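Peer 1: What follows is a structure written as structure tokens; I'll ask about it next.
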Amino acid sequence: MVIVNPLSANPVFNSGNYPIDEPLQEYFAAEDENYNKSIIYIFFNNTQDCYDCPQAVELTEQVYNEYYSDTYSMFVINYQEDNEYDFATAYNLTSPLAIVLVKIQDGQALGYQKISNPQNMLSLGQDYILYLRQQIDNYLGT
């Protein structure tokens, strides 16, 4: 299923099944409290020029810290340097920046939603923050 953000032409992708289980098992084993904590990933790479990517990452981290740090886990990962889990294939990562929301329930990944190229939405200002919060709330369900 592809959902098109009405605020931009950046598609949001949703997959019914989480594609990789091994990193999740390590995540759950690290701390019992992670068992039901959904995950917000920020994936980036340094091989593509992206002037607005650092600002988008910073703003996304601010939203996480202000609204979601007690509810979800967040990881910022350079997917081009990932030789172990192959996130690029699992989430079809091709852009310089993507936010991936992974829904976890009862220790199982139920699926994910990807926001591609969030850096292209920064011109929306406060509406970017509202859009991001809406995506997180609607998919991960706070």
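The values are calculated or read from the model by the stated rules, or taken from the named source; none is laboratory data. Computed from a predicted structure; not experimentally measured. Here Cβ is always computed from backbone atoms with ideal geometry, including for glycine, and neighbour counts include all displayed protein chains. Quick note on the areas: whole protein, heavy atoms, side chains included, nothing else; ligands and nucleic acids left out. Shrake-Rupley method; radii C 1.70, N 1.55, O 1.52, S 1.80 Å.
Peer 1: Are there any pairs with C-beta distances below 7 angstrom linking a residue in segment 65-79 that is in contact (Cβ under 8 Å) with a residue 24 or more places away in the chain to a residue that is basic (Lys, Arg), with the two at least 6 apart or on different chains, and if so which?
Peer 2: Every condition considered, the pairs that remain are 67/133; 72/37; 73/37.
Peer 1: Which residue is nearest to residue 59 (Cα to Cα), if the candidates are limited to segment 90-128 and must be of a type in the set (Val, Ile, Thr) and crowded, with 17+ Cβ neighbours inside 10 Å? Reasoning before the result, please.
Peer 2: Step one: of segment 90-128, the residues of a type in the set (Val, Ile, Thr) are 94, 99-100, 102, 104, 115.
Those still in the list that are crowded, with 17+ Cβ neighbours inside 10 Å too: 99-100, 102, 104, 115.
Details: 99: 12, 100: 15, 102: 19, 104: 24, 115: 14 Å.
Out of the qualifying residues, it is 99.
Peer 1: Another question, if that's okay. Within segment 64-89, work out how many residues are in a helix (DSSP H, G or I) and surrounded by fewer than 18 Cβ atoms within 10 Å (Cβ to Cβ). Break it down stepwise before answering.
Peer 2: At the first step, the residues of segment 64-89 found to be in a helix (DSSP H, G or I) are 64-68, 79-81, 87-89.
Subset that is surrounded by fewer than 18 Cβ atoms within 10 Å (Cβ to Cβ): 65-67, 80-81, 88-89.
Here the count works out to 7.
Peer 1: Please specify each residue of segment 46-63 satisfying the condition of being closer than 26 Å to residue 110 by Cα and open to solvent by less than 30 Å² (accessible area, probe 1.4 Å).
Peer 2: 57, 60, 63
Peer 1: In this structure, does residue 112 turn out to be assigned to a strand (DSSP E or B), at pLDDT 70 or above and out of contact with any Lys or Arg (no Cβ under 6 Å at 6 or more places or on another chain)? I'd like the intermediate steps shown before the answer.
Peer 2: Values: assigned to a strand (DSSP E or B): yes; at pLDDT 70 or above: yes; out of contact with any Lys or Arg (no Cβ under 6 Å at 6 or more places or on another chain): yes.
Against the criterion (assigned to a strand (DSSP E or B), at pLDDT 70 or above and out of contact with any Lys or Arg (no Cβ under 6 Å at 6 or more places or on another chain)), residue 112 qualifies.
Peer 1: How many residues does segment 33-45 contain that are crowded, with 17+ Cβ neighbours inside 10 Å and over 18 Å from residue 110 (Cβ atoms)?
Peer 2: 4
Peer 1: Is there any pair linking a residue in segment 45-63 that is of a type in the set (Asp, Glu) to one that is part of a helix (DSSP H, G or I), with Cβ under 8 Å and at least six apart or on different chains, and which?
Peer 2: Listed by first residue and then by second, the contacts come to 52/119; 52/120; 52/122.
Peer 1: Can you name the residue in segment 65-109 that is farther than 17 Å from residue 38 by Cα and among the hydroxyl-bearing types (Ser, Thr, Tyr) and, of all such residues, is modelled with the lowest pLDDT?
Peer 2: Filtering segment 65-109 for residues that are farther than 17 Å from residue 38 by Cα and among the hydroxyl-bearing types (Ser, Thr, Tyr), the one modelled with the lowest pLDDT comes out as 85.
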